[in-house]
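Engineer: Starting off with a structure, shown below.
The values are calculated or read from the model by the stated rules, or taken from the named source; none is laboratory data. As the structure is a computational prediction, the values presented were derived from the model and not from experiment. Every residue, glycine as well, gets a Cβ built from its backbone with ideal geometry; the counts of neighbours run over all protein chains shown.
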């Protein structure tokens, strides 16, 4: 009977394969984390655009802006013409980092009646990861600088 020759891997060869697999997993993991972060920012921007639309609807119905985001879900006392709830399906969502969105009425800029934004991943206001929106009509008219912005009028706050 003829004996078949078997080939075995040495410990060094196995270690090389393990290191290569580890490096590939690291590269894929880093790329995935970047994609996840971009998806979270896109989700926050979509929510902010929805808020902007519903705040505009509220203003058209009542003649004024809501005092807080809760006014988009529940009728505030003494407000006439309220046609809500404006955020019907989900209520007021949290941002993708599980923080509340921030709504500021009359935020100090006379050309911008309100601001709505997410404090981003760090949960701190005024840092570079904040994602925000002001009244898009005012921004389109050039009344507001939004930092690193794309054509949507949304951008990250750039610290001064």
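Engineer: Out of 19, 27, 12, I need the residue that is out of contact with any strand residue (DSSP E or B) (no Cβ under 6 Å at 6 or more places or on another chain), at pLDDT 90 or above and over 30 Å from residue 100 (Cβ atoms). Which one?
Structural biologist: Matching residue, one of 19, 27, 12: 19.
Engineer: Does the range 84-115 hold any residues that are in contact with a helix residue (DSSP H, G or I) (Cβ under 8 Å, 6 or more places away or on another chain), part of a loop (DSSP other than H, G, I, E, B) and modelled with pLDDT under 90, and which are they?
Structural biologist: Result: 84, 85, 86, 87, 92, 93, 111, 112, 113.
Engineer: Inspect the range 8-23 for any residue being in a helix (DSSP H, G or I) and within 27 Å of residue 131 (Cβ to Cβ) and give the result as yes or no.
Structural biologist: No - not one qualifying residue is present in the range 8-23.
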